[in-house]
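Encoded as structure tokens, the structure appears first; notes follow it.
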Amino acid sequence: MSADRRVHIDAFLQHLRVVRRLSARTISAYDEDLTALDIWIAATMPQMDWASMHIESVRAHVAAAHRAGLSGTSLARRLSAMRSFYRYLIREGRAGSNPAEGVRAPKSPRKLPNVLDADEMSAFLELPTDARLSVRDKAMFELFYSSALRLSELCSLTWSAYEHAEGLVRVIGKGAKTRIVPVGSHAAAALAAWRRENGGQSDAPIFTGRGGAAIAPRTVQARLKFWAQQQGLWKRMHPHLLRHSCASHLLESSGNLRGVQEMLGHADIATTQIYTHLDFQHLARVYDAAHPRARKR
């Protein structure tokens with residue numbers, strides 16, 4: 001690994017941290033991808049610097065990583081990191097062109113997200129509220145499902161972001177982008193019960209763990225798994241499942257792809273379109289079960 005090349009990677013990561021204010025997890029992913037590229041350069045063409053990198057080298061790296069078992073999705077992420085890195089180098093006068101532009105990753109089969117159907121979700125959310133933690137957990141999962149939040153968004157919410165009179169919550173998502181999403185009546189009632197139980201100043205976290213600090217993502221994951229078992233739901237439960245389920249149910253009921261995109265905070269509508277495939281699967285099952293001309297399996 002070249003020290004000179006590493007200096008530029010570190011400067012770019014600092015730019016992401018300070019200027020673009022990306023999350024630690026996102027910065028770590030950039031670091032991982034650019035470090036892998038640097039290691040490959042060191043092994044194949046150690047004298048090359050970033051300015052002399054060309055499109056054929058990028059293609060060779062992608063091909064080598066794919067042969068080593070990296071998926072098309074992971075390679076697409078790596079190419080995205082490279083493109084962002086080179087845009088930064090060009091602005092800094094360290095490179096004259098972006099060799100990753102125009103390079104495409106091999107396609108991977110698209111994996112559809114698992115979801116709970118509406119009945120399964122309703123059954124899961126019938127949590128008892130006879131203890132402080134269960135009151136918190138019910139409010140947490142109701143809001144998660146009601147507003148299709150990401151785990152990081154849920155954990156960072158404060159009471160000042162929640163407009164209970166309007167039924168809205170202000171969420172800071174990826175890239176520090178703010179969006180305002182609705183809060184359903186069941187979630188609002190659960191939040192009111194939790195606030196009565198726990199109190200909460202306007203700048204305090206809505207969901208707290210030990211010592212009154214904002215709840216940790218791992219705690220949310222553990223509580224979700226615990227309640228799934230308590231409710232007799234043996235599917236693999238994870239926080240994003242609630243977000244997936246909300247998106248799928250909204251799209252199935254409304255057919256409004258653009259509205260679902262805005263609620264989820266997707267920058268690209270292609271990301272949201274995966275839920276149309278889930279809706280089609282549901283339609284196909286109904287057809288196969290009910291249509292007299294359907295193929296019986």
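Only residues that are touching a helix residue (DSSP H, G or I) at 6+ places or on another chain (Cβ under 7 Å), in a helix (DSSP H, G or I) and more than 15 Å from L157 (Cβ to Cβ) were counted across region 168-188, and they come to 1. Determine whether S74 is at pLDDT below 95 and in the same structural domain as I41 (by TED's automatic domain parsing). Yes, satisfied. Within the span defined as region 74-83, every residue fails to be more than 11 Å from A100 (Cβ to Cβ) and over 28 Å from the mean Cα position of the chain (by Cα). When only residues in region 167-188 that are aliphatic (A, V, I, L, M) and within 15 Å of the chain's Cα centre (by Cα) count, which is nearest to R17 (Cα to Cα)? The qualifying residue nearest to R17 (Cα to Cα) is A176.
The residues of region 12-38 that are closer than 15 Å to E92 by Cα and surrounded by 14 or more Cβ atoms within 10 Å (Cβ to Cβ), listed by number, are F12, L13, H15, L16.
What about G175, is it loosely packed, with under 14 Cβ neighbours inside 10 Å, outside the structural domain of L37 (by TED's automatic domain parsing) and either of a type outside the set (A, V, I, L, M) or touching a Ser or Thr at 6+ places or on another chain (Cβ under 7 Å) (or both)? Considered against the rule, which asks whether it is loosely packed, with under 14 Cβ neighbours inside 10 Å, outside the structural domain of L37 (by TED's automatic domain parsing) and either of a type outside the set (A, V, I, L, M) or touching a Ser or Thr at 6+ places or on another chain (Cβ under 7 Å) (or both), G175 comes out as yes. Considered as a group, the residues in region 18-38 that are in a helix (DSSP H, G or I) and touching a Ser or Thr at 6+ places or on another chain (Cβ under 9 Å) include one that is nearest to S152 (Cα to Cα), and that residue is R25.
For S28, the conditions (1) closer than 19 Å to E101 by Cβ; (2) under 26 Å from the mean Cα position of the chain (by Cα) all hold with the exception of (1). Checking each residue in region 39-66 for being crowded, with 17+ Cβ neighbours inside 10 Å and not hydrophobic (A, V, I, L, M, F, W, C) picks out S57, H61. Take S156 and decide whether it is under 23 Å from D31 (Cβ atoms), at pLDDT 90 or above and not basic (K, R). It is true that S156 is under 23 Å from D31 (Cβ atoms), at pLDDT 90 or above and not basic (K, R). Where helices (runs of 4 or more DSSP H) fall wholly inside region 39-158, the ranges with 3 or more residues that are farther than 30 Å from R223 by Cα and touching a residue at least 60 places away in the same chain (Cβ under 8 Å) are 72-91. Any residue that is loosely packed, with under 13 Cβ neighbours inside 10 Å, assigned by TED's automatic domain parsing to the domain that holds L125, among the acidic types (D, E) and not in a strand (DSSP E or B) - is there at least one of those in region 189-200? No, that holds for no residue.
The values are calculated or read from the model by the stated rules, or taken from the named source; none is laboratory data. Just so it is clear, the model here is predicted, and its values are computed rather than measured. Quick reminder, even Gly has a Cβ in these numbers, built from the backbone with ideal geometry, and neighbours come from all protein chains shown.
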